[in-house]
Amino acid sequence: MDPLTASIALSITQLCISAIMAGIYFAAPVERCTRFWAMSGILTGSGITIVLVNAGRPAGLLLAVGNIGLFAGCVVVWMGLKIFFGQAATRWGYLLIALFSFLFLLLLANNAGFTTRSHLISASLVLVFVLCLQTLLASGPAVVGSKRSFARGMGTAGLLLLIGAHMLRIAVSLYEPALFRPATISHFGAVVLYLVPLAGTLLFFSALLLLYFERIKNDLLLSLAAKQDALETQIRFVDMFSHEYRTPLAVIRTNLDILQSKDQANGDRLSANLAKMRRAVLRLVEVAETALTQEQTEQGLPDIQREAIFLPDFLHAVIDEAAVFWSDRVPQLRLEQADALVISGDRKLLKTALLNLLDNAIKYGPRQGAVTVALTATDGALTLTVNDDGPGIPEQELGQVFGKYFRGSRTGLIRGSGMGLYLVQRIVARHAGNVSLRNRATGGTSATITLPFHTGEAGGGRVRH
């Protein structure tokens, strides 16, 4: 084995590994362990480059800087390994680097020979590799699964090779120094000095990557399991709710009928309040049915129930219902424009979607606030817009408002579940449309529903479907 070839192979391999370790930071910059490993890549890469450049020159300061960089890189790998396994980053690592630097510079100042410097380097690296091995074996399986995982075994094997090679190097060089001197190095010396550390380096640093990937895999599996549990809990709740909510609502409606009969005998003094309560119960029934329909649809059950809807009459009815429901806030609801359009859709679902938009516009806007609805159409697209003069939505939240259970930062103490806009988006998507929100330049929010339609002939006039 040519010692020069082995040396070059080890150096190139170490440089490649250094580049990979530095690249880990860009894959996961938020994790502290990857920052340490990236730092180790930079230190070892810089160190090996300096050592190679000064290989044929007398020992001097640059050689010291290169060897200190290599040793510091190994120490930082150990510190990153401790952080990876959830342990506190120790300051002993910095002390080890400082101590090694002092001793190496002391040897250079006293003109120590190659063998003496090699003993210091090997002994120091053995200490660091033993610390890495202790951290790897002592850490519990919670971070990356089983303690007998392939990555752990691979890392252990790599560290044992590195420890064994450097200990053998020290032992043999004490009795046969010529085996490891640059000018008289033997084939055995080249194998111990270069090839065994090369194999150990490849195994250990590859194991670090595998350990990191194992943790990512375990985190994903835990996340999927948590989501599956949440979904099963939600399904059980929907099943329970679908069986239980009808009975109390039926009792409430029955008692409202009884109260209305008694009130009629007493001159209809409470008729307005009873009517409002009845509408609230009917609204609750519709919302509950819509939510159940959406959940069932997501589980692969039947499609929406389409029917022809004449939009001007439909919009007037929904706006009137919202005005009565929110009569205590005295909203200024107005239908600005409504083309004579007929669409095919699910009346209950579309009513729920529009009521949710009107509810948001009224309850989050000022008392007696203006809310306008406009319906326009071009060939191929129908646009329904709800404008309000409320506080608007922070720009950074516009992309999140349709998320399930999301509530904006400006909702304050106003009650809500965070389900309204989620339902709107689901309903509109079921009709092959889309919904969007934007802040108006004059203040307030504009919600826009866009639905597809086509133009056809009906009777003597044009009716858009």
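The values are calculated or read from the model by the stated rules, or taken from the named source; none is laboratory data. Being a predicted model, the structure only gives us computed values, none of them experimental. Reconstructed Cβ throughout: ideal geometry from the backbone, glycine too, with neighbour counts over all protein chains shown.
Given the criteria surrounded by fewer than 16 Cβ atoms within 10 Å (Cβ to Cβ), among the small types (G, A, S) and modelled with pLDDT under 85, does S344 qualify?
Working: surrounded by fewer than 16 Cβ atoms within 10 Å (Cβ to Cβ): yes; among the small types (G, A, S): yes; modelled with pLDDT under 85: no.
So S344 fails the test.
I'm checking my understanding of the structure. Among residues of the range 391-438 that are of a type in the set (S, T, N, Q), more than 22 Å from A370 (Cα to Cα) and at pLDDT 85 or above, which one is surrounded by the most Cβ atoms within 10 Å (Cβ to Cβ)?
Q425
For the range 244-261, check the following and say yes or no: at least one residue is at pLDDT below 80 and part of a loop (DSSP other than H, G, I, E, B).
Yes, some residue in the range 244-261 is at pLDDT below 80 and part of a loop (DSSP other than H, G, I, E, B).
If you take just the strands (runs of 3 or more DSSP E) that sit entirely in the range 342-427, which of them hold at least 1 residues that are without any contact (Cβ under 8 Å) to a residue 12 or more places away in the chain?
Values: elements: 342-345, 370-378, 381-388.
Strands (runs of 3 or more DSSP E) meeting the threshold: 370-378.
Checking the conditions here, which among L99, L63, L81, L105 is over 21 Å from A165 (Cα atoms) and under 40 Å from the mean Cα position of the chain (by Cα)? Outline the logic, then answer.
Values: L99 fails: under 40 Å from the mean Cα position of the chain (by Cα); L63 fails: under 40 Å from the mean Cα position of the chain (by Cα); L105 fails: under 40 Å from the mean Cα position of the chain (by Cα).
On inspection, the qualifying residue turns out to be L81.
Out of the residues in the range 1-59 meeting the condition of being outside any helix (DSSP H, G or I), modelled with pLDDT under 70 and aliphatic (A, V, I, L, M), tell me which one is surrounded by the fewest Cβ atoms within 10 Å (Cβ to Cβ). Full working, then the answer.
From the range 1-59, those outside any helix (DSSP H, G or I) are 1-2, 28-31, 54-59; that's our starting set.
Narrowing the set further to residues that are modelled with pLDDT under 70 leaves 1-2, 28-30, 55-56.
With the extra rule that they be aliphatic (A, V, I, L, M), the set shrinks to 1, 28, 30, 55.
On the way: M1: 15, A28: 15, V30: 7, A55: 13.
Taking the candidates together, the pick is V30.
Identify, by number, the condition in (1) of a type in the set (A, V, I, L, M, F, W, C); (2) exposed (fewer than 14 other Cβ atoms within 10 Å of the Cβ); (3) at pLDDT 90 or above; (4) within 43 Å of the chain's Cα centre (by Cα) that A142 doesn't meet.
Looking at each condition in turn, A142 falls short on (3).
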